[in-house]
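Since every read-out is calculated from the coordinates, none of them should be taken as a lab result. On a predicted model such as this, the values are computed, not experimentally measured, just so you know. Note that each Cβ is placed from the backbone with ideal geometry, even for glycine, and that neighbours are counted across all protein chains shown.
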Amino acid sequence: MIDFADLYERLRQKQKSLSCELQRLKAEEKSADAHREGSPFGKREEGATEAFEWEKRLALENRLTSALAEVEHALKKYEAGSYGICDICGKPIEPARLEALPQANLCLQCKARQAKNARSRPAP
Ligand SMILES: [Zn+2]
């Protein structure tokens, strides 16, 4: 028997921490931009490091954004009363899967099929 209220609570906390993290990241970005404007003629190595840092931050931001979207989607489903139901086939998602990953929106089978289809493309 799954405790949905507990999973909901975990989702809410995840949502909070993810959006905090995103805000922190965006604030950092802003201060980095301000710093860059102050010194437009930085050394080349510094520029390369900056670009690398920027790319890293962008990748992290993308990951956080999609994780947050996943969590928010699960929360919406919870409110709509369809939480724990697979988005693709409409069957209940395995309880163990929900326990491990409260934001799961697909059952194991559909997830596996999706991963297989996505294998030819680079991982997001
Ligand atoms: Zn499914």
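Tabulated results
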quantity	calculated
³J(HN,Hα), Karplus 6.51/-1.76/1.60, whole Hz, each residue of region 103-118, x for Gly, Pro	8, 4, 10, 10, 6, 4, 4, 5, 5, 5, 5, 5, 5, 5, 5, 8
Net +/- balance of residues flanking CYS86 in space, Cβ distance below 13 Å, scoring K and R +1, D and E -1	+3
Estimated 222 nm signal from helices in the chain, with DSSP H stretches of n ≥ 4 weighted -39500 (n - 2.57), rounded to 500	-25000 deg cm²/dmol
Residues ALA96 and SER31, FRET efficiency given R0 of 41 Å [Cβ-Cβ distance, rounded to 0.05]	0.45
Nearby aspartates and glutamates by direct alpha-carbon distance to LYS77 (threshold 12 angstrom, same-chain neighbours under 8 apart not counted)	ASP87
Among 95-103, 110-118, the order from most to least packed when residues are scored by Cβ within 10 Å on average	95-103, 110-118
Other-chain or far-sequence residues with amide H under 5 Å of ILE85's (modelled H)	ILE93
Percent RCO, i.e. relative contact order, over the chain, from Cα pairs under 8 Å lying at least 6 residues apart	29
